[in-house]
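S.K.: What follows is a single structure, and I will ask about it in a moment.
The values are calculated or read from the model by the stated rules, or taken from the named source; none is laboratory data. Since the structure is predicted, the reported quantities are computational estimates derived from the model, not experimental observations. Glycine gets a Cβ as well: all are built from the backbone with ideal geometry, and neighbour counts include every protein chain shown. Side chains included, ligands, DNA and RNA excluded: accessible areas come from the protein's heavy atoms. Shrake-Rupley method; radii C 1.70, N 1.55, O 1.52, S 1.80 Å.
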Amino acid sequence: QVQLVESGGGLVQPGGSLRLSCAASGSIVSIYNMGWYRQAPGKQRELVATITRSGSTKHNHSVKGRFTISGDNAKNTVYLQMNSLKPEDTAVYLCYAEVLTGPLSSYYGMDYWGKGTLVTVSS
């Protein structure tokens, strides 16, 4: 089993900053990619940013220049630095990881999700 635990959400004023963290633990052989999605009330889940094990990143156009994803392979942790936050960034932010897991000689790939952390941007 693999668990993802997010932290760092909260209430922030427009223009403010937050840093989200997501730590993966459990039966992990390797992690291919990690990233963040978000889901606002009444809206579809959307991809925010991803990072590969080699450090390649992608950011949704709506957050480019304001959000930065980074990772620490040794800690199986991904971060999302969010600056210049806007009310429309309000959402539950969910971490995911594409993980190589399983017993020795029977490894398989699987996606895992965290439970999410709420980010509220409001004055």
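S.K.: Out of all DSSP beta bridges with both ends in the chain, state the antiparallel percent to the nearest 5.
M.R.: Values: 45 of 48 bridges.
Roughly 95 percent of the beta bridges in the chain run antiparallel, per DSSP.
S.K.: Return one whole number: the accessible area per residue of the stretch 52-123 in Å², for a 1.4 Å probe.
M.R.: On the way: 4020 Å² over 72 residues.
About 56 Å² of surface per residue is accessible.
S.K.: Students often forget the sequence filter, so: which aspartates and glutamates lie under 18 Å Cα-Cα from residue 64 once same-chain residues fewer than 8 apart are removed?
M.R.: Those aspartates and glutamates meeting the cut-off are 46, 88, 89.
S.K.: Let me check I've understood the local charge: for residue 17, count other residues with C-beta under 14 angstrom from its C-beta, Lys and Arg +1, Asp and Glu -1. What total comes out? Please report the intermediate quantities before stating the final value.
M.R.: Values: positive: 19, 66, 86; negative: 89.
Charge balance near residue 17 sits at +2.
S.K.: Sticking with this structure for a sec: From the backbone phi of the stretch 62-71, what are the Karplus-calculated ³J(HN,Hα) couplings (6.51 cos²θ - 1.76 cosθ + 1.60, θ = phi - 60°) in whole Hz, Gly and Pro given as x?
M.R.: Per residue, the Karplus-derived 3J(HN,Hα) values read 6, 10, 4, x, 10, 10, 9, 9, 8, x Hz.
S.K.: Pick from 81, 44, 13: which residue has the top mean-square fluctuation in a GNM of the chain where Cα pairs under 10 Å get a spring?
M.R.: 44
S.K.: Of the candidates 41, 87, 14, which one comes out as most mobile in a Gaussian network treatment of the chain with C-alpha springs shorter than 10 Å?
M.R.: Result for the chain, Cα springs under 10 Å: 41 fluctuates most.
S.K.: What residue among 91, 40, 23 shows peak mean-square fluctuation when the chain is described by a Gaussian network model with Cα springs under 10 Å?
M.R.: 40
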